[in-house]
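Note sheet for the following structure.
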Amino acid sequence: MIVHGNRFTFKPGASPEQVEEALESLRNQGRSIPAVTSFTVGRDHGGEYEWGATFLIEDLDGYWEYLTHPSHLRTDRIGLPLVDRFASFDITDDLDPGMGAKIAALHQRRYDRDPELTRLVSDLGEYSGSAAPGPHA
């Protein structure tokens with residue numbers, strides 16, 4: 001099992017309508033991506049970010065399905081331009097010591113296939129976590 005999570009803060013200029021559209025797009029990912037078995041989207045408490053989202057995924061094949069699903073791509077296109085600070089993380093009960101590298105490789109494969117995503121991630125004010133340092137140019 002893999003819990004994939006994001007923590008983020010929107011740019012000060014993001015309107016309430018833009019924020020809600022991005023959050024609803026994240027919720028739609030949870031509802032529409034078959035590989036997601038449960039999800040949470042909401043306020044981030046106890047940290048330095050405003051919002052967060054987690055998605056429970058069975059395995060690496062499901063993780064790839066999640067990363068490349070059209071609803072995830074939509075969230076990237078509407079949400080990333082609004083985000084200032086972003087962190088991703090993954091928690092897994094898989095004991096494979098190479099799991100972190102395998103997850104990072106999926107993210108890199110996605111960057112390699114999608115130049116627009118690469119640009120959006122590269123434009124973030126701060127980016128850390130499981131897919132960081134981000135796309136390699």
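Could you tell me whether Thr54 is part of a strand (DSSP E or B), under 22 Å from Arg110 (Cβ atoms) and β-branched (Val, Ile, Thr)? Don't jump to the end; show me each part of the working.
Details: part of a strand (DSSP E or B): yes; under 22 Å from Arg110 (Cβ atoms): yes; β-branched (Val, Ile, Thr): yes.
Judged against the criteria, Thr54 is a match.
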Out of contact with any Ser or Thr (no Cβ under 7 Å at 6 or more places or on another chain), over 17 Å from Leu124 (Cβ atoms), outside any strand (DSSP E or B) and of a type in the set (Asp, Glu): is that true of Glu20 in this structure?
yes
Among the listed residues Thr54, Thr118, Thr37, which satisfies the condition of being hydroxyl-bearing (Ser, Thr, Tyr) and in contact (Cβ under 8 Å) with a residue 24 or more places away in the chain?
Thr54
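Kindly evaluate Arg27 against the criterion of being surrounded by fewer than 19 Cβ atoms within 10 Å (Cβ to Cβ), without any contact (Cβ under 8 Å) to a residue 24 or more places away in the chain and part of a helix (DSSP H, G or I).
yes
Taken together, the values in this text are just the output of simple stated rules run on the coordinates, not laboratory data. Since the model is a prediction, treat every value here as computed from it, not as a measurement. All Cβ positions, glycine included, derive from the backbone under ideal geometry; neighbour counts span all protein chains shown.
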